1. If each DSSP helix of 4+ residues adds -39,500 (n - 2.57) and the sum is divided by the residues in the chain, what number results at 222 nm, nearest 500 deg cm²/dmol?
2. Want the number for HIS173 to TYR313: 0.36 nm per residue separation, take away the alpha-carbon distance, what's left?
3. Which whole-Hz ³J(HN,Hα) couplings does region 139-146 yield from phi under the Karplus relation 6.51 cos²θ - 1.76 cosθ + 1.60, θ = phi - 60°, glycine and proline marked x?
4. Send over a whole-number figure in Å² for the accessible area per residue of the chain, probe 1.4 Å.
5. Non-local amide H neighbours of LEU139 (under 5 Å, H modeled in plane, Pro and chain starts lacking H): which ones?
6. Pick from THR360, THR67, THR48 the residue whose mean-square fluctuation is largest in a GNM of the chain, springs joining Cα atoms under 10 Å.
7. Select one label from [x] 64, 55, 47; [y] 62, 55, 53; [z] 66, 53, 39: the one whose number is Cα extents along the principal axes in Å as derived from the coordinates shown.
8. Please pull out the direction-averaged projected area of region 60-118, using the convex hull of its alpha-carbon atoms, in nm² to one decimal place.
Amino acid sequence: MKGEIVMKTKAVRLYGANDLRLEEFELPPIRDDEILVRVMSDSICMSTYKLLVQGKAHKRCPQNVDTHPVIIGHEFAGDIVEVGRKWQHEFKAGEKFAQQPALNYQGRLDSPGYSYQFCGGAASYCIMPNEVMEMGCLLHYDGESYFEASLGEPMSCIVGGYYGCYHTNKTDHGHSIGVKEGGSVLIMGGCGPMGLGAIEYPMTLEKKPAMVVVTDVSGERIARARRLIPEEMAARHGIRLVYVNPQECADQFAALMELTGGRGYDDVFVYAPIRSLAETADRLLGFDGCLNIFAGPTDSRFSAEINLYNCHYTSTHIMGTTGGNTEDLKEAIRLAAQGRIRPAVMVTHIGGIDAIAETTARLPLIPGGKKLTYTQFDMPLTAIEDFREKGRTDPLFARLADSCEAHDGLWNAEAEKILFRHFGVK
């Protein structure tokens with residue numbers, strides 16, 4: 001028996017490399033093993049920009065995308081509208097959901113926002129295929145805001161990155177999972193949107209590092225990071241936090257090494273896919289140091305030199321993480337609900353569904369952090385820092401500015417509700 005609801009959706013679809021189109025079309029009735037959802041929020045990821053640039057060359061993109069376009073967007077949340085018979089024991093119409101796009105279903109790379117005709121976050125409505133539920137990747141969510149569920153996905157990548165690091169034991173060949181307790185963490189290129197989440201997350205760990213050093217070549221980004229996550233905040237959690245602008249150092253390597261007393265770092269994250277950054281990161285590793293190439297490059301030939309002498313004699317090792325798993329997402333959502341992490345530190349711009357295609361295409365050129373969109377209405381992409389000026393002539397932006405200023409300049413649940421009321425979204 002097929003679903004009974006016939007639903008039109010507005011969605012941004014990929015037809016091939018550099019070919020995105022905002023279109024309105026009818027979704028098919030859901031099958032017994034599918035779920036129809038209303039998407040409320042979708043944050044835009046650099047991974048989607050890579051999908052756009054590569055098209056069919058992307059590992060998650062189907063080869064018939066030109067005739068069977070896919071809906072983009074994988075950082076989304078919303079409401080369940082209709083549930084196929086197979087899943088009615090677990091999900092109910094009207095409840096909120098979060099989702100984990102990294103399905104890993106039967107060894108395939110298929111993922112919402114990359115691979116499906118009718119499932120992606122850049123849409124007003126979409127259909128969750130059976131494998132999403134089979135893999136436990138559709139999650140019940142009862143948080144106050146939708147945007148924190150959307151940002152749970154990028155936060156889960158950060159959580160997964162910390163768990164992905166490991167250290168070795170020469171006595172029994174065992175591996176200790178996670179960053180080294182009491183050790184030193186270096187986050188290179190770390191004041192972008194994902195980096196901000198990575199700075200705050202270790203404060204929640206039971207086995208915390210003693211020091212977190214963050215580098216960025218932008219004084220403006222460092223200033224924003226320091227305002228949102230000051231050194232004093234980390235100190236209250238027993239962590240020494242240090243921000244470094246390498247351009248202000250006579251010798252970047254010497255300055256960063258000196259912070260460790262010459263030992264080198266136990267865990268190093270590379271948050272920008274730049275060869276020189278990766279090579280410097282490798283040089284900065286201490287004994288049994290773990291290098292996590294966190295930032296995914298667009299160029300499939302991206303490479304850098306690593307010191308194999310150190311790999312052999314001082315047990316340095318290199319690995320990379322991409323995405324998080326469902327447990328990482330659950331942890332991210334739980335920590336956000338408890339107020340122990342603030343996903344909103346990532347967000348600098350807000351827009352509607354009509355802003356998604358252009359924003360995705362220009363993502364590397366737009367300054368700031370995460371671009372958060374709401375898919376039930378149109379709204380130009382607008383920087384939060386511009387709300388007050390726009391509010392001089394537009395009462396909506398005046399209210400949004402008041403709300404954000406009352407929350408340390410951050411996007412928040414109250415501001416989300418202001419938007420929904422203004423656009424009549426219930």
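1. Computed ellipticity for the chain at 222 nm equals -7500 deg cm²/dmol.
2. 48.9 nm
3. Each residue's phi maps through the Karplus curve to give 10, 5, 9, 10, x, 6, 10, 7 Hz.
4. 44
5. Those lying under 5 Å, H to H, from LEU139 are ALA98, GLN99, GLN100.
6. In this elastic network of the chain, the residue with the biggest mean-square fluctuation among THR360, THR67, THR48 is THR67.
7. The value matching this structure is [z].
8. 4.9
The values are calculated or read from the model by the stated rules, or taken from the named source; none is laboratory data. Just so it is clear, the structure is predicted and the values come from calculations on it, not from any experiment. Reconstructed Cβ throughout: ideal geometry from the backbone, glycine too, with neighbour counts over all protein chains shown. Heads up: the accessible areas ignore ligands, DNA and RNA and are worked out on the full protein's heavy atoms, side chains in. Shrake-Rupley method; radii C 1.70, N 1.55, O 1.52, S 1.80 Å.
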